[in-house]
Amino acid sequence: MSHGVVYPTKGRVHHAVGHDRAMRPEEEYRPATEQEWTEFEEHFDKRKVELGSCGRPYGTDCPHEHACLRCAQLHVNPKMLPRLDELEADLEERRKRAESEGWLGEIEGVDRTLQCLRDKRADALRLTRITREVNLGMPTVAAPR
Ligand code: SF4
């Protein structure tokens, strides 16, 4: 007997969604109120952070005290790459000081943040390259003959 997860095919997904809707109370399917829309829009505004955008789920608060550099939910805006360079320089200064003072815990923390920063920079650069490579431009419509 298999206990693996079986994902439904596209047709079955539609069937499952229709089935789930039929099982839910009618009052759940109503237009959003003004307040709900406002909250929805505010959520996306709050996801704009200094270095880009935060991908945390709707309706959730930041669980990491806005330590964005170390967070997997941060998507760096390639426009902010120069800011990453500044932050990297600051961190390297902090690391030097920690080394000279013998603050081993600090060195560990700074190294982790530096690694996250460099990974995020690599992701942002990769995204920039991909965006450039797949830009197909605007299609043109041929004049009628
Ligand atoms: S720490 Fe993570 S979850 Fe929190 S605001 Fe930054 S990117 Fe979003």
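The values are calculated or read from the model by the stated rules, or taken from the named source; none is laboratory data. The structure displayed is predicted, hence computed values, not measured ones. Positions of Cβ are generated from backbone atoms using ideal geometry, with glycine treated the same way; all protein chains shown enter the neighbour counts.
So is Arg94 assigned to a helix (DSSP H, G or I) and more than 22 Å from the chain's Cα centre (by Cα) or not? Considered against the rule, which asks whether it is assigned to a helix (DSSP H, G or I) and more than 22 Å from the chain's Cα centre (by Cα), Arg94 comes out as yes. Any residue in the stretch 38-65 that's on the phi > 0 side of the Ramachandran plot: show its pairings with residues that are of a type in the set (Val, Ile, Thr) and more than 8 Å from the ligand (Cβ to nearest atom) at Cβ separation under 8 Å, as long as the two are six or more apart or on different chains. Every condition considered, the pairs that remain are Gly52/Val76.
Among the criteria (1) under 29 Å from Arg129 (Cβ atoms); (2) at pLDDT below 95; (3) exposed (fewer than 14 other Cβ atoms within 10 Å of the Cβ), the one Leu69 does not fulfil is (3).
Residues of the stretch 30-70 being part of a helix (DSSP H, G or I), within 12 Å of the ligand (Cβ to nearest atom) and β-branched (Val, Ile, Thr), which ones?
Within the stretch 30-70, the first condition is being part of a helix (DSSP H, G or I), and the residues that meet it are 34-46, 68-70.
Next, from what is left, pick out any that are within 12 Å of the ligand (Cβ to nearest atom): 43, 46, 68-70.
None; the set is empty.
Taking the stretch 76-111 as the range and being in contact with a helix residue (DSSP H, G or I) (Cβ under 7 Å, 6 or more places away or on another chain) and basic (Lys, Arg) as the test, the residues that pass are Arg94, Arg95.
Kindly check whether there is at least one residue in the stretch 117-135 that is touching a strand residue (DSSP E or B) at 6+ places or on another chain (Cβ under 9 Å) and outside any helix (DSSP H, G or I).
There is no residue in the stretch 117-135 that is touching a strand residue (DSSP E or B) at 6+ places or on another chain (Cβ under 9 Å) and outside any helix (DSSP H, G or I).
Among the residues examined, Thr113 does not qualify as over 22 Å from Phe44 (Cα atoms), part of a helix (DSSP H, G or I), β-branched (Val, Ile, Thr) and away from the ligand (no atom under 14 Å from the Cβ). Name every residue in the stretch 92-115 that is under 17 Å from Cys71 (Cα atoms) and surrounded by fewer than 17 Cβ atoms within 10 Å (Cβ to Cβ), in order of residue number. Of everything in the stretch 92-115, those that are under 17 Å from Cys71 (Cα atoms) and surrounded by fewer than 17 Cβ atoms within 10 Å (Cβ to Cβ) turn out to be Glu108, Gly109, Asp111, Arg112, Gln115. Within the stretch 72-86, restricting attention to residues that are among the hydrophobic types (A, V, I, L, M, F, W, C) and surrounded by 12 or more Cβ atoms within 10 Å (Cβ to Cβ), which residue is nearest to the ligand (Cβ to nearest atom)? Only one residue fits best here, namely Leu74. Residues considered: Arg21, Arg47, Arg12. Of these, the only one that is at pLDDT 80 or above and either of a type in the set (D, E, K, R) or surrounded by 11 or more Cβ atoms within 10 Å (Cβ to Cβ) (or both) is Arg47.
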